[in-house]
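The structure appears below as C-alpha cells.
The values are calculated or read from the model by the stated rules, or taken from the named source; none is laboratory data. Small disclaimer: the values here were computed from a predicted structure and weren't measured. Here the Cβ positions follow ideal geometry from the backbone for every residue, glycine too, while neighbour counts run over all protein chains shown. For accessibility, only protein heavy atoms count, side chains too; no ligands or nucleic acids. Shrake-Rupley method; radii C 1.70, N 1.55, O 1.52, S 1.80 Å.
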Amino acid sequence: MPTEVKPAVSDKSPKPQEPDTDVHEDPNEPAFDWMKPKTSSGASAATPAASTGSAAGTGATHKTGATPSAAKPSVNTASTPTTATPATGQPGSRADRKAAEAAEGEVEPPLFADTLAGASSTKQPAHYSEPLPTSALQIRPPEDEVARRNAEREQAAKVKPIGPRIFQVLLAVFYPVILLVLAVRAVTSPLFLWVEYNRPGFPGDGYGFSTDDRMTYGSYAVDYLSNWAGPRYLGGLVNQDGDKLFTDSEVSHMADVKLVILSSFGAGLLLIILSIIAILYLRKRSTGGIRRGLFAGSIVTLVVIIGLAVLAVLSWQQFFTEFHRIFFANGTWTFSLEDTLIRLFPGQFWIDAGIVIGALVFLAATLTFIFTWPTKRRRGLATAQTDEDREELGEAASTNDDADSLRKEPTGITR
C-alpha cells in the first residue's frame, strides 16, 4: 500500500491563508486609544508616527532577516511621546482627524468621570466659591442711597424730638397760672381772715363791728366763694338788729366774685392735671426736661409778678380799679363805706391780700428758679444722657457700616 509522504514544512513555505479579516484598515490608531485622555496635542500626533515607524521597522526586519528581539526597541519607541508628524498613514484616518482637531484647539467632550474631573480641573479655578442662600440680600445698594441714609441718620441724631419740647413749653406756661391760683386760694381762707383781723395796725370798724363780728360775718362771705350754695347763703343773713346783713347789690357782686373764683379754681385744677401728665411724659422721654420746663416757668413767673408789683406800687388805686373792670361790669362793684362788704373788707385788706399773693408767688418762683438752675452737675447728668444716646446711635451706625462691609466682601464656601 503506497505510503503518503507529507511535504516538509520549512520557513519559506507559504503560510495557510487566514479568513479575510482586514485589521489594517486603520493601522495608525491602536484599539481603544482614542478613549484615553490626551495629555497634549503632541502625544496624539506622535501616535501615528510611532506606529508607522514600528511598521516600517517590522518590514525592515523581515527584509533583513533580523530576529524578533531586534524589533522590540522600535515598539518601545512608539510608546514614547514625540512631536513628529506622521510620515505615512491614511489621510482620512481617525488619528489624522484628532491631530487636526487638536491643532485647531477643538476638544471633544469627555465621556467618563475621570475625563470630566480632568477637564473641570483644567477649566475651573483652584478655589470654587458657592454663594450662600442669602447672597441676594447682601447686594450693596447704590452710592446715592447709602449717602441718603447716612444723611437721614445724622439729621435724626441732631434734631431733638418735638414732643418733649411741646410739653416743656406747656409746663412753663402753666406754672405761673398754677402758682397764682394757689396763692389766691390761700388768701380766700378763714386763716388769712384771722391773721388780718388780729394783726397789729389793721384798721377797725367805725360802725360797730368788733373783731369777733368781723370774723363771723367775714367767714360766711369767704365760705360762700368756695362752696356750691346759692345767693341765699348770704342774702338770708341778718345782723343783731334783725336787718339784712348784705344788700341785694352786695349779694349780686359776691355771686359774680364767686363765679370768677370757682372758674379760676377749676382752671387751676385742670392745669395741675395737665402739668402732672407733662411731668410724667418728660420723666420717661426727656432726661432733664422737667427741670428745663420748671426753670423756664419760674423765669416767666418772676417777670410777670415783678411787672404787676411795679404797677401796683406806682398806683394801687388805678391798679385795683382796672383789675375789677376786667372781671366785673361797671357799677356792680362800687359800694358806700356803710355797706357790710366795705366794713368787713376795707382797702387795707385788699392791699395786704395783694402783697401776700405776690409774696407767695414770688417765693415759690424764686425757689423753683434756684433748684432748677442749670449747674454743672445737672448739666453733666444731661450731658451723660446725651452721650449715651449718641453712643447708641454710634453703635447703630457702626452696625450698619459692618453690614455694608460684609456686603462688599465675597461670601462663599471654599472647596
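One table, with the values for the structure above:
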read-out: Any chance LEU271 is surrounded by 15 or more Cβ atoms within 10 Å (Cβ to Cβ) and not small (Gly, Ala, Ser); value: yes
read-out: Test set (1) over 60 Å from the mean Cα position of the chain (by Cα); (2) free of Cβ contacts under 8 Å to residues at least 40 places away in the same chain; (3) open to solvent by 50 Å² or more (accessible area, probe 1.4 Å) - PRO203 fails condition number; value: (2)
read-out: Checklist (1) open to solvent by 40 Å² or more (accessible area, probe 1.4 Å); (2) among the polar types (S, T, N, Q); (3) free of Cβ contacts under 8 Å to residues at least 24 places away in the same chain applied to SER249, failing item; value: (3)
read-out: Hey, GLY268 within 24 Å of LEU182 (Cα to Cα), in contact (Cβ under 8 Å) with a residue 24 or more places away in the chain, in contact with a helix residue (DSSP H, G or I) (Cβ under 9 Å, 6 or more places away or on another chain) and not hydrophobic (A, V, I, L, M, F, W, C) or not; value: yes
read-out: Residue match in the stretch 215-229 (condition: among the aliphatic types (A, V, I, L, M) and open to solvent by 60 Å² or more (accessible area, probe 1.4 Å)); value: no
read-out: Cβ-Cβ under 6 Å pairs, at least 6 apart or on other chains, the stretch 286-302 side under 18 Å from LEU363 (Cα atoms), far side among the aromatic types (Phe, Trp, Tyr) and crowded, with 21+ Cβ neighbours inside 10 Å; value: GLY297/TYR175
read-out: The stretch 146-165, subset among the aliphatic types (A, V, I, L, M) and in contact with a helix residue (DSSP H, G or I) (Cβ under 9 Å, 6 or more places away or on another chain), residue surrounded by the most Cβ atoms within 10 Å (Cβ to Cβ); value: ALA157
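Each row is one residue, and each column tells you yes or no for (1) part of a helix (DSSP H, G or I); (2) closer than 30 Å to TYR281 by Cα; (3) within 38 Å of the chain's Cα centre (by Cα); (4) at pLDDT 85 or above.
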| position | (1), (2), (3), (4) |
| --- | --- |
| GLU108 | no, no, no, no |
| LEU111 | no, no, no, no |
| THR122 | yes, no, no, no |
| ALA126 | no, no, no, no |
| GLN155 | yes, yes, yes, no |
| ARG165 | yes, yes, yes, yes |
